[in-house]
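First the structure, in the form of structure tokens, and then the observations on it.
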Amino acid sequence: MDEEYDVSANVAWTSLSHTPVATTTSPPMASSATHSILHTSHLALIWMIADPHLQGTGLTECILSGLLSVDGQKVLHMDRNDYYGGASASLNLTQVSNSGLASLVARRTAVVFEKEVRRRQERGGGDWDQPWTGRSYSATGEDYAVDLIPKFILASGELTRMLVHTDVTRYLEFKQIAGSYVYRDGRISKVPSTEMEAVRSPLMGLFEKRRARNFFMFLQSWREDDPATHQGLDVNTCLMKDVYAKFGLEPGTQDFVGHAMALWLDDDYKTKPARPTIDRIILYTQSMARYGKSPYIYPLYGLGELPQAFARLSAIYGGTYMLDKKIESVNVDPETGKFTGVTSAGETVRAKKVIGDPSYFGAGKELEEGGGKMRVVETGKVVRAICILKHPIPGTDDADSAQIIIPQNQVGRKNDIYIAAVSSAHNVAAQNVWIAMVSTIVETSVPEREILPGLQLLGSVLDKFVSITPLYAPTAPGSDDHVYITKTYDATSHFETVVEDVFDVWHRVKGEPLVLKKREVQVEA
Amino acid sequence: MSRTTSFKLVLLGESAVGKSSLVLRFVRNEFSDFRINHRVSIGFAGAAFLTQTVNLDDNTAVKFEIWDTAGQERYKSLAPIYFRNSNAAVIVYDITQPPETSFEKAKTWVRELQRQADPGIVIMLVGNKLDLSASRKTSTELGKQFADEEGLLFAEASAKSGEGVEGLFMEIARKLPANPPPTRTPASRQGVRVEGQAEETPSACNC
Ligand SMILES: Nc1nc2c(ncn2[C@@H]2O[C@H](COP(=O)(O)OP(=O)(O)O)[C@@H](O)[C@H]2O)c(=O)[nH]1
Ligand SMILES: [Mg+2]
């Protein structure tokens, strides 16, 4: 490493910086314990996450800052919240119900909590007249780590590769999700992932089983470099619907293959070349094969662990994290329109590039904020319901956790409904309490009714907190103004779309694709 | 037959009190007058922690997995994962500073640990920069008294001269349980092993 001692921030940090630096002279760190951002004014990148007024993304930015720090970029990461991870944080229920702290999902949830508590107080009675932390199903709110947006990790997916690539796995412990289910014809069943399971699956009738078995055998024996295993299909050119047709799969089978295994969000994939779908199904089956019960894993103590772990990774590689930092303005050069820096607490940090979530760039705000320019558009809304249960989800064999996907066609919708359930097995809830999140993309003016097919699968729900959040996406790639904006989390209950966004932003920022390989350990010279 | 047990030890305290310097002295017997960058103290880029083993007697050794803050204390961004499952904590202040500054900060760290960490955690309070005792501003009595009240171990040391450094880690080692419950050691990770996740240091080896 070219860096020996962090003698004065300037020298050391300049040597690592890939971009020209500002000329501020900072005092040596040793003599300064003030929490000033001026000392870091020459950083190449600034990251901001999770404006509490809007749903931030948190994890996307934390992954990116971790990866970019490992890549040798200087990263300054600022977060307005005083906890890590923005919307991907896990909050205990005391935090969730403290509207002063929370991001939008939490805040809206908190509003729902408060309203409900007040309503029941007015009616006089029940355990609702207790403060939240004294509620009957929890001795203390600390027993919970409620994910604001629960998502599961595909065991062989790209997020796992990122965790391994960066050794972030060191900070985390994972548990399997106990089951992956799909809804068909009014009930849920395990998603079969091998020809053996296909044959036993109650999802299909006798003849369909035989056809599905052939399809699974085709997938299992597929070898990329052996055309004999391709059964005459050129997956790069033929459409996925042709593959379905070749095996004669019913529409209901296509629903679970396309949505619960390939994890597509809609049916557009059918009229596209089969390659990505085949790849995704194989990824699913490989993930499934890794631990056996489901293709998904989940960190103990909740998803809030992930941004913390990537933040530590970034810090170890010289990145600087600042929590509780309010961003006053995003500055651009009036002539060129290019990003120049941000102002926080009266201090301006100069940098070449900025990455942030939509809330900093005009999402849901008047134009004078977010650098004076609307840089994001609303692409839809997500409805989410956090449900507290005292029992496992019916039909899951008492699983301590589960993912259930309700494919759009099964309930006459355009978007799938997702259910993600976790419990005390993951150190996120008290004993014998399950937390289930039901979510989907809003299609009507009564979003809560849209998640009903999901809610009905849960059995009796002890408590339910509904939130509706807008989804934003950037209007431009950022190459012109050096402002790179991430997407809002969608309704899916897995991380694949988040990871796509990480790859996309990396490509935009660096101008080259993100290539993950096992990190090489650099032994000091 | 000797027995080595691994324990996770975290460092806490205000920025620039000498946390990384104490680690560097203990692990590599080195000192630098410059601010210690995490990469230097850790030895190679990207390591989460470094290790040092002390022998308690002929057949008992304690292996410390020492977690430094990586500078995250500077902007108050130390996360709960940092303390998670820690068996011991060294909370450092600078005796050349008046007690309202780094000593006061050390007290808040003690409270933070009492709130967040495992109740069995061994906490050692350290007044550092003892080589500069001519310009001392926080008295030994003040540190000792607070440590006694809170049931902490206490030592004064100098990362620069090395005085007291090994001793303080030895004292922690002696205080750690000889046979920790398996759920309380770094090697006892629950859950599934993610592909590529390195084999952690075993909690006990017969070698
Ligand atoms: N005189 C003296 N200086 C020390 C001692 N320990 C650390 N320092 C100096 O204090 C500064 C901060 O040390 P560092 O280990 O980086 O502190 P940290 O931020 O707590 O990790 C550096 O300039 C060290 O050289 C000590 O025992 N005596
Ligand atoms: Mg240090």
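Quote the charge dipole size of region B:3-181 about the Cα centre in Debye, to the nearest 20; the model charges only the Cβ of Lys and Arg (+1) and of Asp and Glu (-1).
480
Taking 0.36 nm per intervening residue step and subtracting the Cα-Cα distance, what contour gain separates A:LYS293 from A:LEU462 on full extension?
Gain on stretching A:LYS293 to A:LEU462: 58.1 nm.
How large is ³J(HN,Hα) for each residue in region A:257-270, as worked out from phi by the Karplus curve 6.51 cos²θ - 1.76 cosθ + 1.60 (θ = phi - 60°), to whole Hz, x for Gly and Pro?
Ordered by residue, 3J(HN,Hα) equals 5, x, 9, 9, 10, 6, 6, 6, 8, 9, 9, 4, 4, 5 Hz.
What distance in nm separates the two pseudo spin-label positions at B:ARG193 and A:ASN432, each 7 Å out from Cα along the beta-carbon direction?
Those two pseudo-labels are separated by 3.6 nm.
Please compute the average number of Cβ atoms from other chains found within 10 Å of each residue's Cβ in peptide A:162-174.
5
Can you return the lysines within cross-link range of A:LYS209? Criterion is Cα-Cα under 18 Å, with same-chain partners fewer than 8 residues away left out.
A:LYS209 reaches A:LYS190, A:LYS246.
Roughly how many nanometres apart are two label points built 7 Å out from the Cα toward the Cβ at A:SER329 and B:ALA178?
Roughly 6.8 nm, to one decimal.
How do A:HIS165, A:HIS259 rank when sorted from fewest to most other Cβ atoms within 10 Å of their own Cβ?
A:HIS165, A:HIS259
Going highest first, how would you order A:199-206, A:218-225, A:471-478 by mean Cβ packing within 10 Å?
Order by mean packing, descending: A:471-478, A:199-206, A:218-225.
So if we plug the beta-carbon distance of A:SER424 and A:THR194 into 1/(1 + (r/R0)^6) with R0 = 35 Å, what FRET efficiency do we get, rounded to 0.05?
0.70
Coordinate-derived values only; no laboratory data. The shown structure was predicted, so the numbers you read here are calculated from the model rather than taken from an experiment. Note that each Cβ is placed from the backbone with ideal geometry, even for glycine, and that neighbours are counted across all protein chains shown.
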